[in-house]
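Novice: One structure, as structure tokens, below. Some questions next.
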Amino acid sequence: MERTRPPAPSDAPAPTPAPTPSAADACLPDAAVLLDGLPQQRSGAAAVTGGSPQQAATAVPARRIRVPRAWRLLPTPTGTPFTFGYGAVLAAVSLGTAHLDPALVHTLLQGSSTDVVHLVRTPVLVLLTSALWIAGGILSPYAIALLFVLTALERRIGGMRTVAVFLLGHVGATLATEVPTGVAVLAGHLPASSLHRLDYGVSFGVTASLGALAGLLRPWLCWPLLALFGWVLVTDLIAFTDPLTDWGHPIALLIGVATWPLMRRWYRDRRPVAAR
């Protein structure tokens, strides 16, 4: 049989060189390990770092440590406009009355008192004006608590809702103490002078706001805060120096605690806004 001689190596055609990948092609994923019709099979972390999809999936993002900002504890014109404006008014009234004649100040306090007589004659006026005075001065415990409590509450539920909570405690505790006083006078159990007792200040509103705020705090802070403040109120009741006011504070605290379901719903509604 006649054999066919294979071509010499020099007669074989030269192999075609592989094309050099361009810079744009180098950024594309290897199609050999992908499946047709399934887009985005590799995460952005695997494409950038060159790691496998399993490594990208198990990568844990670095957590940022959030440091509390001290200025958020105090009112600001933009963050807490109600607390900032109300605090400025209270400070102005307190500083202004310090330079007035004591007799004139006493007359103003009598006209703003939420006693039984004024509540019968001009209830709305005295309920509002009585909240413009700070019993004990601008450095009293309730004045300082007002800044921190109302600031924290307003940042969580908003300005108008904070006003509603404050007024609910202020008005509710006032009526809960003054109405029984009027009934006791009519029944002859208290003298007629009890109808004209001075009753003013922000303590009822602050106490109710603190009770409402406690419902938005973590349990490890909520219950010790309520226990400590409750112990202070019980101590005041035992001292029996001002029975009506001392009974009004626990009532205001219970009013604030009773608003917990509403507070939590308002806080959930406002949470996306407060996070910005």
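Novice: Taking Gly201 as the residue in question, decide whether it is touching a residue at least 24 places away in the same chain (Cβ under 8 Å), under 33 Å from the mean Cα position of the chain (by Cα) and assigned to a loop (DSSP other than H, G, I, E, B). Outline the logic, then answer.
Specialist: On the way: touching a residue at least 24 places away in the same chain (Cβ under 8 Å): yes; under 33 Å from the mean Cα position of the chain (by Cα): yes; assigned to a loop (DSSP other than H, G, I, E, B): yes.
Against the criterion (touching a residue at least 24 places away in the same chain (Cβ under 8 Å), under 33 Å from the mean Cα position of the chain (by Cα) and assigned to a loop (DSSP other than H, G, I, E, B)), Gly201 qualifies.
Novice: Name the residues in the range 100-119 that are within 19 Å of Thr177 (Cβ to Cβ) and in contact (Cβ under 8 Å) with a residue 12 or more places away in the chain, would you?
Specialist: Keep residues of the range 100-119 that are within 19 Å of Thr177 (Cβ to Cβ), which gives 109-110, 112-119.
Selection gives Leu109, Gln110, Ser112, Ser113, Thr114, Asp115, Val116, Val117, Leu119.
Novice: Quick one: Leu217 ticks every box in (1) under 22 Å from Arg265 (Cβ atoms); (2) without any contact (Cβ under 8 Å) to a residue 40 or more places away in the chain; (3) part of a helix (DSSP H, G or I) except a single one, so which number is it?
Specialist: (3)
Novice: Can you run down the residue pairs with Cβ atoms below 6 Å, 6 or more apart or on separate chains, where the first is in the range 250-268 and open to solvent by less than 30 Å² (accessible area, probe 1.4 Å) and the partner is in a helix (DSSP H, G or I) and of a type in the set (S, T, N, Q)?
Specialist: Taking only residues 6 or more apart or on different chains, the pairs are Ala252/Thr207; Leu253/Thr207.
Novice: What is the residue count in the range 100-109 for residues that are in a helix (DSSP H, G or I) and surrounded by fewer than 14 Cβ atoms within 10 Å (Cβ to Cβ)? If you could, list the steps in order and put the result at the bottom.
Specialist: Of all residues in the range 100-109, those in a helix (DSSP H, G or I) come to 102-109.
From what's left, surrounded by fewer than 14 Cβ atoms within 10 Å (Cβ to Cβ): 102-104, 106-107.
Adding up the residues that qualify gives 5.
Novice: Can you tell me which residues in the range 234-243 are surrounded by fewer than 16 Cβ atoms within 10 Å (Cβ to Cβ) and either part of a helix (DSSP H, G or I) or hydrophobic (A, V, I, L, M, F, W, C) (or both)? So that I can check it myself, show each step before the final result.
Specialist: Initially, the range 234-243 is screened for residues surrounded by fewer than 16 Cβ atoms within 10 Å (Cβ to Cβ), giving 234-235, 237-243.
Within the range 234-243, Val234, Thr235, Leu237, Ile238, Ala239, Phe240, Pro243 qualify.
Novice: Within the range 212-233, count every residue that is open to solvent by less than 20 Å² (accessible area, probe 1.4 Å) and closer than 14 Å to Tyr142 by Cα.
Specialist: Within the range 212-233, residues that are open to solvent by less than 20 Å² (accessible area, probe 1.4 Å) and closer than 14 Å to Tyr142 by Cα number 1.
Novice: Given the criteria modelled with pLDDT under 95 and under 16 Å from the mean Cα position of the chain (by Cα), does Arg271 qualify?
Specialist: For Arg271, the condition - modelled with pLDDT under 95 and under 16 Å from the mean Cα position of the chain (by Cα) - is met.
Novice: Further, regarding this structure: In the range 79-99, which residues are assigned to a helix (DSSP H, G or I) and either without any contact (Cβ under 8 Å) to a residue 24 or more places away in the chain or not hydrophobic (A, V, I, L, M, F, W, C) (or both)? Reasoning before the result, please.
Specialist: Start the filter on the range 79-99 by keeping residues that are assigned to a helix (DSSP H, G or I), which leaves 81-97.
Scanning the range 79-99 gives Pro81, Thr83, Phe84, Gly85, Tyr86, Gly87, Ala88, Ala92, Ser94, Gly96, Thr97.
Novice: Would you confirm, using the coordinates I've provided, whether Arg155 is open to solvent by 40 Å² or more (accessible area, probe 1.4 Å) and either among the basic types (Lys, Arg) or touching a Pro at 6+ places or on another chain (Cβ under 7 Å) (or both)?
Specialist: Here the answer is no, as Arg155 does not meet what is asked.
Novice: Another question about this same structure. Of the residues that sit in the range 53-78 and are part of a helix (DSSP H, G or I) and closer than 13 Å to Phe148 by Cβ, which one is modelled with the highest pLDDT? Steps first, please.
Specialist: Narrowing the range 53-78 to residues part of a helix (DSSP H, G or I): 53-58, 70-73.
From what's left, closer than 13 Å to Phe148 by Cβ: 70-73.
Details: Ala70: 69, Trp71: 75, Arg72: 81, Leu73: 88.
This residue is Leu73.
Novice: Quick one: how many residues across the range 115-150 are open to solvent by 30 Å² or more (accessible area, probe 1.4 Å), among the β-branched types (Val, Ile, Thr) and not in a loop (DSSP other than H, G, I, E, B)?
Specialist: So the count comes out to 4.
Novice: Follow-up question, since we're still on this one. Within the range 79-94, can you find the residues that are of a type outside the set (Gly, Ala, Ser) and out of contact with any helix residue (DSSP H, G or I) (no Cβ under 6 Å at 6 or more places or on another chain)?
Specialist: Taking the range 79-94 first, the residues of a type outside the set (Gly, Ala, Ser) are 80-84, 86, 89-90, 93.
Of everything in the range 79-94, those that are of a type outside the set (Gly, Ala, Ser) and out of contact with any helix residue (DSSP H, G or I) (no Cβ under 6 Å at 6 or more places or on another chain) turn out to be Phe84, Tyr86, Val89, Leu90.
The values are calculated or read from the model by the stated rules, or taken from the named source; none is laboratory data. The structure presented is a predicted model; accordingly, all values stated were derived computationally and were not measured. With ideal geometry, Cβ positions are generated from the backbone for all residues, glycine too; neighbour counts draw on all protein chains shown. Surface accessibility is based on the protein's heavy atoms, side chains included, excluding ligands, DNA and RNA. Shrake-Rupley method; radii C 1.70, N 1.55, O 1.52, S 1.80 Å.
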